[in-house]
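Here's the structure, in structure tokens; my notes come after.
Just so you know, all these numbers are worked out from the coordinates, no wet-lab data involved. Just so it is clear, the structure is predicted and the values come from calculations on it, not from any experiment. All Cβ positions, even for glycine, are placed from backbone atoms using ideal geometry, and neighbour counts span all protein chains on display.
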Amino acid sequence: MRIRIPLIIVFILGVFGALTFLIPHPFVQNIDSEFRDSVLRIIYAFSLVLGVGSILHHHLEKIRKKKEHWPYSYVLIISLFATALIGLFGGIEGKGPLPTTIGRFQFDIQTIYMNIAVPLGATMFSLLAFFMASASYRAFRARNLESMLLLIAAFIVMLGSMPPVARLLPKLPFISEWILTVPNTAAKRGIGFGITLGVLATSLKIILGIERGWLGGTK
Amino acid sequence: MFYLTIISFFLGEMALSPESVWARDNPNDGGGKILVEWKLSSFDSLLLGYEVFRQGEGERSEIKVGFVGPGRNSYLDEAAKNGINYRYKVVAVSDSFRAESQFSNFTRSSAQWFNTSKMSVVIFALLLGGLILFWTAKAKKRRDLFVRRISGLSAVEEAVGRATEMGKPVLFVPGLTGMSDVATIAAMNILSCVAEKIAQYSSKLIVPNVDPIVFTVAREVVKEAYTAAGRPDAFLPDSVFYITDSQFAFAAAVDGIMVRERPATNFFCGYFYAESLILAETGASTGAVQIAATDAVMQLPFFITACDYTLMGEELYAASAYLSREPLLLGALRGQDYGKLIIMGVLILLSLISLLTKFPVLKVF
């Protein structure tokens, strides 16, 4: 029964989800929207509580057991609660009951987001340039025929995108464009077909209860 | 403008007005839409466009509902109410004058119960579904179904064994999308098989999550896998945890785990975005064996470059069948392959037909 009830729920909702793709009638679409907008949000809200509980438990354990770098867990917990309090009671742009200004120093949620979260995210994103350089070095080592072909193709595409080279070799941008639009697109579409079939097969297997890995086992 | 004035003077405005205005319920929708079509004015290129007017049955006057430019011979009225009869009039507009058409027929919008434009999708899905079900049923009798070797999945056992020997953990990242993404569900299926092997080997597992719902499911999946392996006591609830739903904050946290804990094996299964290279390159720098499985086509080159094994696209979905060797799942996999064979056949046939049409000398088509 512990397995059967989730399987029945998945079957009913899976078939319903597939039918909403084919039935444009508002009766069906409204139920679908209700599921997507309201029910999913409620589930997300509950799971967020579990998520926050998980992160707190994880770091409190770290502090309790004095694991490596445990003082940083204090930083996380304090930041988590401080941001949540400011967000809940300070209001966006500091218009809530909690004062979020000391003199000219502002610490409302919008300021925190724009001046801490965004730059930190951008910093991580900009690391990509360095990672890309090291990955390119590894990928472009001509160890075998495939690597050689990759190297040549990448070289042509890169050179074709450089205006001075394109001026010297006017045919190069067209070759570069051809590599991107013909062999590259063909490979991508091939993978795309496989993905679509895989998604369809996996969905069908889950709806029919053949695939039960997501329940923790196939038995 | 000069030409239009001359034409209207000699032939009257009727010569400029659009003809045969026809209104009908917009097909395959949830109602509330009426499609108005007309024959373009003979002097369409000289016009500013067409104004569309609507009149409800029993109403004395009409209201303007839209305007389209020259060359357009249809308008979709999205403000109609179901069950009310409407008729339409189209007015050709120029700088100097307006030429009205006759009213169209009365029509009403209604909601449809089936979208006929998706019939081809239904047929294809039924065909593929039928193939998958046929082979699943057949797999119950035939247990010797052949599945080609997938290096990345064959290496799972070895990778988990390596982690055990080295006394280091295994890191499993189940992608960055939510539970509604099939790639995440496929990642959960792989996690189940990997966790079972880890439980058997008594190794340590770390599963950081970006989505709270995925976190909840992943924890249950790992717990059940440990129970299935006969080691429920070995399951550590803290091994599956939620970090954040912020993309790069998550990447930073996972990078930190990789650098501090030095996992012997990293699994990146599911859907990834720009953080794929950050994760894979950091993992490579720690010397871990890395197995990636994703259907994110844009991220595949990064994983191929930085990981030891990469499962591309459909291999992600085949992984649970391959790892569990469950006959029913293998049967479904076989059905999926036949579906691909049909697609390939159709593509080759249509390409040949298309090619033959380019050689009129052959006079085949």
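If you place +1 on the Cβ of every Lys and Arg and -1 on the Cβ of every Asp and Glu, how big does the dipole about the Cα centre of segment A:69-195 come out, in debye to the nearest 20? It would help to have the intermediate numbers written out before the result.
Numbers: 9 positive and 4 negative charges, 91 e Å.
Value, rounded to 20: 440 debye.
Listed by chain and number, the aspartates and glutamates whose C-alpha is less than 16 Å from the C-alpha of B:Lys140, apart from same-chain residues fewer than 8 away, are A:Glu211, B:Glu326. Neighbour counts of other Cβ atoms within 10 Å put B:Arg148, B:Arg108, A:Arg138 in the fewest-to-most order B:Arg148, A:Arg138, B:Arg108. Bin width 5 Å, alpha-carbon pairs only: give the P(r) of segment A:99-147 as whole percents, running from 0 to the bin holding the largest distance. So the P(r) values, bin by bin, are 5, 16, 13, 12, 10, 9, 8, 7, 6, 5, 4, 2, 2, 0. Net charge dipole, the protein assembly as shown: roughly 1520 debye, given to the nearest 20, about the Cα centre with Cβ charges of +1 for Lys and Arg and -1 for Asp and Glu.
Identify the chymotrypsin sites (Phe, Trp or Tyr not before Pro) of segment B:28-122 meeting these criteria: DSSP loop state and at most 16 other C-beta atoms within 10 Å of the C-beta.
On the way: sites: B:Trp38, B:Phe43, B:Tyr50, B:Phe53, B:Phe67, B:Tyr75, B:Tyr86, B:Tyr88, B:Phe97, B:Phe103, B:Phe106, B:Trp113, B:Phe114; in loops: B:Phe43, B:Phe97, B:Phe103, B:Phe106, B:Trp113, B:Phe114.
Sites meeting the loop and neighbour criteria: B:Phe97, B:Phe103, B:Phe106, B:Trp113, B:Phe114.
Dipole check for segment B:72-213: with +1 at the C-beta of Lys and Arg, -1 at the C-beta of Asp and Glu, and the Cα centre as origin, the magnitude is about 600 Debye.
Could you list, in their original order, any pairs among A:Lys205/B:Lys118; A:Lys62/A:Lys205; A:Lys62/B:Lys223 whose Cα atoms are separated by more than 29 Å?
With Cα atoms farther than 29 Å apart: A:Lys62/A:Lys205.
For segment B:291-352, the Cα-based Rg and Dmax, in that order, read 14.5, 40 Å.
Out of the GluC sites (Glu not before Pro) in segment A:1-93, which ones are loop residues according to DSSP with at most 12 other C-beta atoms within 10 Å? Mind dumping the intermediate values first?
Details: sites: A:Glu34, A:Glu61, A:Glu68, A:Glu93; in loops: A:Glu68.
Of the GluC sites (Glu not before Pro), the ones in loops of segment A:1-93 whose Cβ has at most 12 other Cβ atoms within 10 Å are A:Glu68.
P(r) for chain B, from all Cα pairs and a bin width of 20 Å, is 22, 31, 27, 18, 2 %, short bins first.
Here segment B:96-136 is treated as a Stokes sphere of Kirkwood radius computed over C-alpha pairs; at 20 °C and 1.002 mPa s its diffusion coefficient rounds to 143 µm²/s. Within straight cross-link reach of B:Lys64, meaning Cα distance under 14 Å, which aspartates and glutamates are found once same-chain residues fewer than 8 apart are removed? Correct list for B:Lys64: B:Glu51, B:Asp77, B:Glu78, B:Glu100. For chain B, the longest principal axis of the Cα atoms and the long axis of helix B:212-228 meet at an angle of about 40 degrees.
Run through every distinct alpha carbon pair of chain A and return the Kirkwood hydrodynamic radius in angstroms, one decimal place.
On the way: mean 1/r = 0.0410 Å⁻¹.
Value: 24.4 Å, from the Cα pair sum.
Legend: mean number of C-beta atoms from other chains within 10 angstrom of residue C-beta atoms, peptide B:249-258, equals 2. Summed over all non-identical Cα pairs, the Kirkwood treatment of the protein assembly as shown gives a radius of 28.8 Å. The label-point distance for B:Ile123 and A:Phe89, in a model that sets each label 7 Å from Cα toward Cβ, rounds to 6.5 nm.
If R0 equals 25 Å, the separation of the Cβ atoms of B:Leu356 and A:Phe174 corresponds to a calculated FRET efficiency of about 0.35. What's the center-to-center distance, using Cα atoms, between segment B:71-87 and segment A:117-160 in Å? Going from one Cα centre to the other spans 53 Å. Treating the Cα atoms of segment B:67-137 as identical point scatterers in vacuum, please give the log10 of the normalised Debye intensity I(q)/I(0) at q = 0.19 Å⁻¹, two decimals. Relative scattering, expressed as log10 I(q)/I(0), comes to -0.93. Could you please rank A:Trp178, A:Trp214, placing first whichever residue has the fewest other Cβ atoms within 10 Å of its Cβ? Least crowded to most crowded, the residues run A:Trp178, A:Trp214. Centre-to-centre separation between the Cα atoms of segment A:59-98 and those of segment B:275-340: 36 Å.
Treating the angle as unsigned and between 0 and 90°, give the value, to the nearest 10°, between the Cα long axis of helix B:314-324 and the longest Cα principal axis of chain B. Result, in degrees: 40. Its residue count N fixes a reference of 2.2 N^0.38 Å for segment B:242-365, and the Cα radius of gyration divided by that reference is 1.52. List the GluC sites (Glu not before Pro) in segment B:46-127 that DSSP assigns to loop (not H, G, I, E or B) and whose Cβ has at most 15 other Cβ atoms within 10 Å. Which are they? Of the GluC sites (Glu not before Pro), the ones in loops of segment B:46-127 whose Cβ has at most 15 other Cβ atoms within 10 Å are B:Glu57, B:Glu59, B:Glu78.
Within 10 Å of the Cβ of each residue in B:312-324, the mean number of Cβ atoms contributed by other protein chains is 6. Listed by chain and number, the aspartates and glutamates whose C-alpha is less than 19 Å from the C-alpha of A:Lys65, apart from same-chain residues fewer than 8 away, are B:Asp238, B:Glu261. Taking max minus min of the alpha-carbon positions on each principal axis, segment B:107-249 gives extents of 73, 45, 26 Å, largest first. With contributions of -39500 (n - 2.57) from each DSSP H run of at least four residues, the per-residue ellipticity at 222 nm computed over chain A stands at -22500 deg cm²/dmol.
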